[in-house]
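First up is the structure itself, then whatever we jot down about it.
Bear in mind these aren't lab numbers, they're just calculated from the coordinates by the rules spelled out. None of these values were measured; they are calculated from a predicted model. Cβ placement follows ideal geometry from the backbone for every residue including glycine, while neighbour counts extend to all protein chains displayed.
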Amino acid sequence: MSLREVCQNMAEEIVAWRRDFHRHPELSFAESRTASVVAGILRQLGLSVQEGVNGHGVVGELVGAAPGKRVALRADMDALAIVEETGLPFASAVPGVMHACGHDGHMAALLGAAKVLAGMRERLRGSVRFIFQPAEEIPPGGAKGMIEAGALDGVDVMFGLHLWSEYPVGTFYTALGPLMAAADMFTITISGKGGHGGQPHNTVDSLLIASHLVMAAQHIVSRQLDPLQSGVITFGQLQAGSAFNVIADKAELKGTVRSFAPEVRDLLQHRLEQTAASMAELYGARIAVDYVRGYPAVINHEQEARAALAEAEAVFGKEQVGIMQPNMVGEDFSYYLQKVPGAFCFVGAGIPEGPVYPHHHPRFVIDERALPLATEWLCRMALRYVG
Ligand code: NI
């Protein structure tokens, strides 16, 4: 039987796992039932299983008959605080919690790969590590703690995937370098001195300073960043003042900074803080910048990304596989790729006859035909190194 047939024959079982996870979603850092289901299946397959890694993380190890490389494959486990509106027969049984990002499918596809590869154990040279990670959705994320707990020790190469509703089922995309941006957040608080709208000379106008600051920050990307690099500074919120004839004593700005290269990320943060400090000096206000770093950018390793594309062509067909533009969604797979070579990829899961709802939407659905395809690709990635 071909690998394709083996995976397709497992489709029903993979879908059943996915629906079970879907029906019993758990929030980030609270994936206890999910973890015990995952661990139970991995144990049944004869893998050595470690539970309670960084909270609810589960690591399964499949050791082949002969020594060789170690490949890691990862799925994330958490759901979101969303009230599900899909009306599916296996919709969430937990009020206010929903697998609205496809992580239920990631786990099911990876369990499928564990089962297929466990059946080939005698033919494997090397080992495959199955990493089920908690809390991808909420910074600081689960990946960092998994690494600190040793999940990557001895790993030579690593792959992960995200099902993606905005790509139709049967397609596969990744990038050879930057794939997903670093997404940071900031709050800038300007404390001036309020007063009468007709007597500005007795005040420090925080609203006016905030306006200057928003304008000045536009120089950072347009004039201080190499035009061949990419980055964004967006102010999404500005709050100041309470009446038309009163000078505001306080202003608060909130925004986000997105970047790919670490040096760009440092530059944007540093310049933003510097701009705020000089505004404070210039206008005599107190300005505090609270800059919070989200996940770093997901940067694929070129050689491994090419390997991922090559295996994907065998699964999805050459026409259905391609290079994608980086997107600005955050993903903590970035931490793994800072430690070991590997690649993160997008597996199309959109229902061709639509409607397509984006990830994190109450009506988010996936086309389950993507699951055995994802399983097949995961198996191929492992076999490429230990087959
Ligand atoms: Ni996700």
- Message: Output the 0 to 90 degree angle, nearest 10, between the alpha-carbon long axis of helix 206-219 and the longest principal axis computed from the alpha carbons of the chain.
- Response: 50
- Query: Hey, can you rank 41-52, 292-303, 197-208 by average C-beta count inside 10 Å, highest first?
  - Reply: 292-303, 41-52, 197-208
- Message: Over the chain, what is the relative contact order in percent, taking alpha-carbon pairs closer than 8 angstrom and at least six residues apart?
- Response: 24
- So what are the ³J(HN,Hα) numbers for segment 164-180, from phi and the Karplus equation (6.51, -1.76, 1.60; θ = phi - 60°), rounded to whole Hz, Gly and Pro as x? 9, 6, 7, 10, x, 4, x, 10, 8, 9, 7, 10, 7, x, x, 10, 9
- Cα-centre dipole for the chain with unit charges at Cβ (Lys and Arg positive, Asp and Glu negative), debye to 20: 480
- Message: List the GluC sites (Glu not before Pro) within segment 98-155 that DSSP assigns to loop and that have no more than 10 neighbouring Cβ atoms inside 10 Å.
- Response: none
- Nearest-ten-degree value, helix 32-44 long axis tilted from longest Cα axis of the chain: 30
- Task: Sum up the charges of everything whose Cβ sits under 14 Å from the Cβ of residue 175, counting Lys and Arg as +1 and Asp and Glu as -1, but leave residue 175 out.
- Result: -2
- How much length, in nm to one decimal, is gained on full extension between residue 48 and residue 32, taken as 0.36 nm per residue of separation minus their Cα-Cα distance? 3.9 nm
- Taking R0 as 45 Å, what's the FRET efficiency between residue 191 and residue 125 from their Cβ-Cβ distance, rounded to 0.05? 0.10
- Task: Only Lys, Arg, Asp and Glu count, each charged at its Cβ (+1, +1, -1, -1), so figure out the dipole size of segment 160-261 about its Cα centre, rounded to 20 debye.
- Result: 100
- Task: Rounding to the nearest 20 debye, state how big the charge dipole of segment 225-337 is about its Cα centre with +1 on each Lys and Arg Cβ and -1 on each Asp and Glu Cβ.
- Result: 380
- Task: Scan around residue 195 for amide H atoms under 5 Å from its own, H built in the peptide plane at 1.01 Å from N, and keep only partners 5 or more places away or cross-chain.
- Result: 247
- Message: Counting only other residues whose beta carbon sits under 15 Å from that of residue 249, what net charge do I get with K and R as +1, D and E as -1?
- Response: +1
- Message: Give the lysines whose C-alpha is closer than 16 Å to that of residue 250, dropping any in the same chain fewer than 8 places away, or say none.
- Response: 193
- Query: With labels modelled as points extended 7 Å from the Cα through the Cβ direction, what inter-label distance (nm, one decimal) is found for residue 83 paired with residue 237?
  - Reply: 2.2
- Among 268, 303, 229, which residue has its Cα positioned farthest towards the positive end of the charge dipole of segment 228-329, with +1 placed on the Cβ of Lys and Arg, -1 on the Cβ of Asp and Glu, and the dipole taken about the Cα centre? 268
- Query: Tell me which lysines have Cα within less than 21 Å of residue 115's Cα, excluding those fewer than 8 residues away on the same chain?
  - Reply: 69
- Message: Could you give the length gained by full extension between residue 270 and residue 306, i.e. 0.36 nm per residue of separation minus their alpha carbon distance, to one decimal place?
- Response: 9.5 nm
